[in-house]
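The structure appears below as structure tokens.
The values are calculated or read from the model by the stated rules, or taken from the named source; none is laboratory data. Only a predicted model underlies this, so the values are computations on that prediction, with no experimental measurement involved. Note that each Cβ is placed from the backbone with ideal geometry, even for glycine, and that neighbours are counted across all protein chains shown. We work out accessible area using only protein heavy atoms, side chains counted, and drop any ligands, DNA or RNA first. Shrake-Rupley method; radii C 1.70, N 1.55, O 1.52, S 1.80 Å.
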Amino acid sequence: MSATDNGNVTLHINPNGIATISFYHPAQNSLPAALLDELTNKISQAGMNEQTRVIVLKSEGSRTFCAGASFDELLQIKDKQAGAEFFSGFARVINACRKSPKIIIARIQGKAVGGGVGLAAAADYCLATEAASIKLSELAIGIGPFVISPAVIRKIGLPAFSQLTIRAVDFQSAQWAMEKGLYNEVYPDITTLDDALASLTEKLASYHPEALNGLKEILWEGTADWDELLSHRAAISGELVLSEFTQQSLQGFLGGKR
């Protein structure tokens, strides 16, 4: 286990080669910089391990998959460099998923907001519950989903992304997310979700590793420029978060509006 003062990230590889990466944070599984770095490290570590056949990305708890960026940490950003570095944490996680030679299956058991939607989009296949509604709230706090947008648009297309971004205070249902292509399968509850996840990952782990690796390359064709692209997007978000508008909005959200 790799732990921070608030939250942790774990990696476990079972004898069949199923690597499970799980993260937790007490604030609705939000992601401060330390957890983002740990996620990047664990994704890269699992992908390079010869025992790994398939990777499962999940979070702990039952209500929220991931609430996105840590608002507490966003309020502590005082200059452009620090802002760009924080948002680069999301860029590194997405690029780690993209570069991993192993197929990544995301288990979305609850709501996904902001960067949480980005995590789902960075996976190669998503299984979710009916409670896994999604929202991109960034515009409502004075920034935008700039870092995660390439991954999200790649999955759901520009029209659906536009709706999700502009309707920044509205959740879209898990069914909507499946219809648009973010989720591949939606189940009525966590128990059914986990049964389906176990069945799928066991099958994938039994397939030819080189065939799976080849499929992974095909799935991410045309994204070779994302290191530079997402770094540029992180700088944009890092500058916007310094504005008085955004700082006041963050204070409001921390007051109970998130």
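Take the solvent-accessible surface of the protein heavy atoms, probe 1.4 Å, and return the percent of it on the range 177-217 that carbon and sulfur atoms account for. Accessible surface attributable to carbon and sulfur in the range 177-217 totals 52 percent. D by Stokes-Einstein for the range 152-249, Kirkwood Rh over Cα pairs, 10 °C, 1.306 mPa s: 92 µm²/s.
The convex hull of the Cα atoms of the chain, projected and averaged over all directions, covers 12.4 nm². In the chain, the sites counted are GluC sites (Glu not before Pro) in DSSP loop states with at most 10 other Cβ atoms within 10 Å, and the longest stretch holding none of them, exclusive of the sites, is 51-220.
With respect to the chain, whose longest principal axis is taken over its alpha-carbon atoms, helix 226-240 is tilted by about 30°. Between residue 72 and residue 51, what FRET efficiency follows from the Cβ-Cβ distance if R0 is 22 Å, with the result rounded to 0.05? Computed FRET efficiency for residue 72 and residue 51 comes out at 0.05. For the pair the range 176-222 and the range 65-135, the centres of their Cα atoms are 18 angstrom apart.
Looking at the chain, the DSSP beta bridges with both ends there are about 30 percent antiparallel.
Taking Cα centre as origin and charging only the Cβ of basic (Lys, Arg, +1) and acidic (Asp, Glu, -1) residues, the dipole magnitude of the chain rounds to 280 debye. To the nearest ten degrees, helix 149-166 and the longest principal axis of the Cα atoms of the chain are 40 degrees apart.
Accessible area ranking (1.4 Å probe, heavy atoms, ligands and nucleic acids excluded), largest first, for 241, 169: 169, 241. For the range 37-125, trypsin sites (Lys or Arg not before Pro) meeting the loop criterion (DSSP other than H, G, I, E, B) and having at most 11 other Cβ atoms within 10 Å: 63, 78. The H on the amide N of residue 64, modeled in the peptide plane, is under 5 Å from the matching H of 111, each at least 5 residues off or on a different chain. Heavy-atom accessible surface of residue 79, to the nearest 10 Å², is about 70 Å², with a 1.4 Å probe and all protein chains retained. In the range 87-143, the alpha-carbon atoms span a convex hull of 70 Å³ per residue. Computed per residue of the chain from DSSP H runs no shorter than four, each worth -39500 (n - 2.57), the mean residue ellipticity at 222 nm is -15000 deg cm²/dmol. Against the main long axis of the alpha-carbon atoms of the chain, helix 209-219 sits at an angle near 30°. Using the 1.4 Å probe convention, the accessible area of the range 1-111 works out to 41 Å² per residue with neighbouring protein chains retained. If you sort the three axes of the alpha carbon gyration tensor as a ≥ b ≥ c, you get a/c of 1.5 or more for the range 1-126 and a/b above b/c, which makes it prolate.
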